[in-house]
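K.L.:
Once you've had a glance at the structure underneath, I'll fire off some questions.
A short reminder: the numbers here are calculations on the coordinates, not readings from a lab. As the structure is a computational prediction, the values presented were derived from the model and not from experiment. Here the Cβ positions follow ideal geometry from the backbone for every residue, glycine too, while neighbour counts run over all protein chains shown.
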Amino acid sequence: MPDKKDIEQRARAIAAELHLPIQQVLAAMELLEAGNTIPFIARYRKEVTKGLDEIALRSIEDAVEKAAALAARKATVIKSIQGQGLMTEALLAAIEGCKELQQLEMIYLPFKPKRRTKAAIARERGLQPLADQLMLQEPIGVSRTALLRQFVNSEKEVPDGDAALQGALEIVAEQWSEDTELRSWMIEDAFKSGGVTSNVKRGKKSQAEKFELYFDHREAVAKIPSHRLLAMLRGESEGLLRIGIAMEEGRAVARMKSHFIHNRQFEFYRELLATIQDCYDRLLQPATQSAVLQKLKEQADTDAIDVFGKNLHELLMASPAGPRVTLGIDPGFRTGCKLAVVDETGKFLATSTIYPTPPKSDLESATKRVLELIKKYNIELIAIGNGTASRETDVFVGDLLKEHGLSLTKVIVSESGASIYSASEVAIKEFPDLDVTVRGAISIARRLQDPLAELVKTDPKSIGVGQYQHDVNQSRLRKCLDRTVESCVNAVGVDLNMASVSLLSHVAGIGPKLAENIVAYRDENGKFKNRKQLMRVAKLGSKAFEQAAGFLRICSGEEPLDNSAVHPESYALVGRMAKQLKVDPRALVGTSGLTHKLQPSDYVDERFGLPTVVDIIAELEKPGRDPRREFRVVQFDDAINCIEDLKAGLVMEGVITNVTHFGAFVDIGVHQDALIHISQLSNSFVKDPNEIVAVGDLVKVKVLEIDVGRKRISVTRKF
């Protein structure tokens with residue numbers, strides 16, 4: 001456990017790294033250490049942190065974890081070197097001064113327990129003293145033969161002087177390769193002037209067609225985009241490509257000579273020169289390549305994970321159609337279209353199967369069944385999955401609505417991850433007696449009603465808004481996605497009486513087990529009437545209540561403030577406001593005419609600062625306001641149903657489904673998303689596509705090129 005001095009040192013370093021005042025960092029660290037969640041701190045502890053938002057708090061949390069991991073590794077390294085009896089004051093100072101793990105590992109490398117290398121075997125044979133003499137390059141005082149004869153030992157498998165010299169040079173090469181200064185220089189030089197190379201493996205050309213761009217490719221280390229590096233590495237992992245780092249060998253070898261060779265008159269000068277080349281070829285070059293690729297991969301992972309997080313955030317925060325009776329349709333050809341009706345709360349009501357598409361094309365029966373369901377359940381929305389037979393089903397539904405004069409809203413909804421959810425334990429537990437396809441139709445309907453509430457049930461990696469999500473560091477990806485889901489759920493708030501276990505588990509302070517306990521209590525005792533009842537839930541203590549209460553909503557409960565983001569700890573403050581205005585506290589909720597009369601500064605005291613008071617008044621004016629965008633529907637062209645129907649020059653409406661570093665993908669209703677390359681996103685220069693578009697945006701595009709064989713569509717927004 002770090003002491004106060006260590007904590008302050010870490011806080012100072014983190015503050016400098018993040019360009020934040022140290023007092024804000026210290027405050028955040030103390031709150032996190034006390035078990036507070038980031039959504040809670042960002043929303044309800046603004047006075048303490050001086051208004052740090054979630055992004056800043058996450059950065060501090062990451063920096064604290066990184067510092068703790070580095071400190072733990074330093075302790076391990078120090079203990080190891082001390083155990084070998086090799087620690088010096090200078091070495092200890094160098095270790096304690098390390099700010100990066102890679103720098104620490106370089107210092108530790110010469111002392112790290114090694115596998116049985118050629119150099120290790122030479123040391124076992126007693127050749128370290130000879131290697132030390134060779135590296136000193138001082139006059140040996142005897143002949144070469146006489147010096148080497150001292151190390152000949154048949155029992156240790158050193159039969160002659162040549163064997164002794166060769167073994168000693170193995171040690172020299174290894175020790176040179178572990179030189180921290182040289183390694184750092186080589187890595188830095190590779191980043192400045194090196195190139196990432198990619199070549200197709202012999203005999204793999206026909207299998208590697210999708211990686212054709214990288215068959216004979218070189219790109220500057222300093223400039224390679226993350227998505228291209230990840231594509232190359234995927235080709236390598238599939239056994240199709242060979243990836244390397246091209247380095248300036250001449251400059252590196254010259255640097256090594258000037259660094260290590262300092263006596264041209266030394267008796268073993270020629271052998272040491274040859275060892276320089278051997279050290280570079282066999283040890284330093286591969287080690288540098290590995291280190292550079294590792295750093296590039298880490299950065300590429302960071303970029304890809306960042307893209308995934310942003311896209312997931314936009315998808316989860318997509319506008320909800322709201323609590324309306326919805327018909328979900330999971331389209332299909334041979335197996336038909338599975339229908340599922342859910343009520344305004346998402347409760348499953350009915351299912352059926354229709355065959356409006358080939359091979360059966362039974363339009364009459366399909367029309368009859370859909371009309372029956374619309375009439376019986378007063379359906380207001382129709383959600384159509386965007387998979388196989390999607391556009392054909394969409395046309396069928398559109399014609400049906402026109403023919404019968406119905407004004408229902410139909411929407412094509414992304415199916416990504418729906419099949420995985422349908423077969424998951426969560427879905428089986430909720431609908432044990434239903435077929436997976438029916439569960440899929442239910443999920444499609446619910447996604448339209450409330451994307452956030454439904455999508456949290458699915459593994460975020462399966463939702464289809466990532467870039468090489470299976471190739472990046474999985475623990476880092478999981479951490480990012482969990483944070484994104486948590487942020488979205490708490491930003492919107494959760495209806496305590498309707499939320500699923502999956503949704504509740506992402507509320508600040510709750511987690512999966514408490515979420516199950518909440519639902520179990522609700523099932524046994526009926527709806528929650530007020531937030532205080534949460535304290536009766538098994539194992540839900542005061543800390544969990546403090547963290548979660550402000551993000552949980554109770555509609556039509558005993559306390560109107562329970563349906564707002566006002567935290568229970570502030571209810572007394574609202575009482576003070578009502579008293580000053582001489583009204584019942586209930587009258588303040590949703591009455592802008594009254595809240596406008598409140599002066600925030602009048603209510604600031606030791607407990608509640610100005611930011612909190614301002615937030616409370618804003619929430620009283622519009623209680624439980626939803627931060628998500630207004631619901632809008634994309635209008636696909638009924639005459640365009642598949643890629644073959646497209647023509648260059650067509651202007652179409654679509655919805656952004658994914659944003660990457662090289663552009664954005666847009667669903668234009670033809671089963672295959674089109675690419676808006678970064679150069680086609682705007683008439684002005686675009687550095688980051690995320691600055692121009694986001695997942696869920698409705699856009700107009702013009703078709704540029706269609707490649708039917710490869711199922712590729714290029715479109716532009718520049719028209």
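K.L.:
Rounded to the nearest 500 deg cm²/dmol, what is the calculated helix-only ellipticity per residue at 222 nm for the chain, with -39500 (n - 2.57) per DSSP H run of length n ≥ 4?
P.N.:
Using -39500 (n - 2.57) per qualifying helix, the result is -14500 deg cm²/dmol.
K.L.:
Using alpha-carbon pairs under 8 Å, 6+ residues apart, how would you state the relative contact order of the chain in percent?
P.N.:
Working: 1090 pairs, mean separation 65.8, N = 719.
Answer for the chain is 9 percent.
K.L.:
Determine the dipole magnitude for the chain: charges of +1 sit on the beta-carbon of Lys and Arg, -1 on that of Asp and Glu, nothing else is charged, the reference point is the Cα centre, and the result goes in debye to the nearest 20.
P.N.:
280 debye
K.L.:
Same structure, new question: If one takes the longest principal axis of the Cα atoms in the chain, at what angle in degrees, from 0 to 90 and to the nearest 10, does the Cα axis of helix 4-18 lie?
P.N.:
Between helix and principal axis, roughly 80 degrees.
K.L.:
Only loop residues by DSSP count here, and only those with at most 12 other Cβ atoms within 10 Å; note down the trypsin sites (Lys or Arg not before Pro) in segment 39-101 that meet that. Before the final figure, lay out the partial values.
P.N.:
Working: sites: Arg43, Arg45, Lys46, Lys50, Arg58, Lys66, Arg73, Lys74, Lys79, Lys99; in loops: Arg45, Lys50, Lys99.
Sites meeting the loop and neighbour criteria: Lys99.
K.L.:
If I take all pairs of Cα atoms in segment 565-719, what percentage of them are more than 29 Å from each other?
P.N.:
When all Cα pairs of segment 565-719 are counted, 48 percent exceed 29 Å.
K.L.:
Give the whole-number value, in cubic angstrom per residue, of the convex hull volume spanned by the C-alpha atoms of segment 511-621.
P.N.:
Each residue corresponds to 101 Å³ of Cα convex hull volume.
K.L.:
Could I ask something else about it? With the dipole of the chain worked out from charges on the C-beta (+1 for Lys and Arg, -1 for Asp and Glu) around the Cα centre, which of Phe719, Cys642, Ile7 lies farthest toward the positive end?
P.N.:
Looking along the dipole axis, the top candidate is Cys642.
K.L.:
A further question follows. Using the charge dipole of the chain (Lys, Arg: +1 at Cβ; Asp, Glu: -1 at Cβ; taken about the Cα centre), state which of Leu316, Ile224, Gln23 has its Cα farthest towards the positive end.
P.N.:
With unit charges placed on the Cβ atoms, the residue in question is Leu316.
K.L.:
Restricting things to Cα coordinates, could you compute the convex hull volume per residue of segment 118-304 in Å³? Walk me through the numbers on the way to the answer.
P.N.:
Working: hull volume 26.3 nm³, N = 187.
Considering the Cα atoms of segment 118-304, their hull volume per residue is 141 Å³.
K.L.:
Given a cut-off of under 8 Å on Cα pairs at least six residues apart, what relative contact order in percent is computed for segment 4-111?
P.N.:
After rounding, I find 20 percent.
K.L.:
How far is the Cα center of segment 507-551 from the Cα center of segment 1-48, in Å?
P.N.:
Their Cα centres are 28 Å away from one another.
K.L.:
In debye, nearest 20, what is the charge dipole magnitude of segment 179-246 about its Cα centre with +1 on Lys and Arg Cβ and -1 on Asp and Glu Cβ, if you could check?
P.N.:
That gives segment 179-246 a dipole magnitude of about 340 debye.
K.L.:
Rounding to the nearest 20 debye, state how big the charge dipole of segment 549-696 is about its Cα centre with +1 on each Lys and Arg Cβ and -1 on each Asp and Glu Cβ. Write out the running numbers ahead of the final one.
P.N.:
Numbers: 14 positive and 22 negative charges, 123 e Å.
In total the dipole reaches around 580 debye.
K.L.:
For Glu425, Glu209, what ranking results if the residue with the fewest other Cβ atoms within 10 Å of its Cβ goes first?
P.N.:
Ranked by crowding around the Cβ, least crowded first: Glu425, Glu209.
K.L.:
Under the Karplus relation 6.51 cos²θ - 1.76 cosθ + 1.60, θ = phi - 60°, what is the ordered set of whole-Hz ³J(HN,Hα) values for segment 47-53, x standing for Gly and Pro?
P.N.:
The phi angles translate into 5, 5, 8, 6, x, 5, 8 Hz.
K.L.:
Against the empirical 2.2 N^0.38 Å scaling, what ratio does the C-alpha Rg of segment 643-716 come to?
P.N.:
Computed over Cα atoms of segment 643-716, the ratio equals 1.01.
K.L.:
Which GluC sites (Glu not before Pro) from segment 312-397 combine a DSSP loop assignment with at most 14 other Cβ atoms within 10 Å?
P.N.:
Loop-located and lightly packed - Glu344.
K.L.:
Separate question: I'd like to compare 127-138, 588-599: which one has the highest average count of other Cβ atoms within 10 Å, and what's the full order after that?
P.N.:
Details: 127-138: 17.2, 588-599: 15.7.
Going by the mean number of other Cβ atoms within 10 Å, highest first, we get 127-138, 588-599.
K.L.:
Also, I was wondering about something else. How many percent of the alpha carbon pairs in segment 679-719 exceed a separation of 14 Å?
P.N.:
In whole percent, the share of Cα-Cα pairs in segment 679-719 beyond 14 Å is 54.
K.L.:
Just add up the charged neighbours of Lys647: K/R +1, D/E -1, any other residue whose Cβ is under 13 Å from the Cβ of Lys647.
P.N.:
Cβ neighbours under 13 Å give a net charge of -3.
K.L.:
Out of segment 95-127, which GluC sites (Glu not before Pro) are coil in DSSP terms and have no more than 14 other C-beta atoms within 10 Å?
P.N.:
Glu100
K.L.:
Moving on. Treating the angle as unsigned and between 0 and 90°, give the value, to the nearest 10°, between the Cα long axis of helix 54-83 and the longest Cα principal axis of the chain.
P.N.:
30 degrees
K.L.:
Something else about it: Using C-alpha positions alone, give me the convex hull volume of the chain per residue in cubic angstrom.
P.N.:
Measuring per residue, one finds 231 Å³ for the Cα hull of the chain.
K.L.:
Given an 8 Å cut-off on Cα distances and at least 6 residues of separation, report the relative contact order of segment 153-295 as a percent.
P.N.:
Numbers: 135 pairs, mean separation 43.6, N = 143.
Normalised by residue count, the contact order of segment 153-295 is 30 percent.
K.L.:
Less than 14 Å Cβ to Cβ from Arg10, Lys/Arg counted +1 and Asp/Glu -1: what total charge do the surrounding residues give? Before the final figure, lay out the partial values.
P.N.:
Working: positive: Lys4, Lys5, Arg12, Lys66, Lys74, Lys99; negative: Asp3, Asp6, Glu8, Glu17, Glu30, Glu33, Glu61, Asp62, Glu65, Glu96.
Result for the neighbourhood of Arg10: -4.
K.L.:
Using +1 at the Cβ of each Lys and Arg and -1 at the Cβ of each Asp and Glu in segment 118-304, identify which of Ala163, Gln289, Ile261 lies farthest towards the dipole's positive end.
P.N.:
Farthest along the dipole direction, towards plus: Gln289.
K.L.:
Size of segment 332-426 along its principal axes in angstrom, Cα-based, largest extent first?
P.N.:
Projected onto the principal axes, the Cα atoms of segment 332-426 cover 40, 32, 19 Å.
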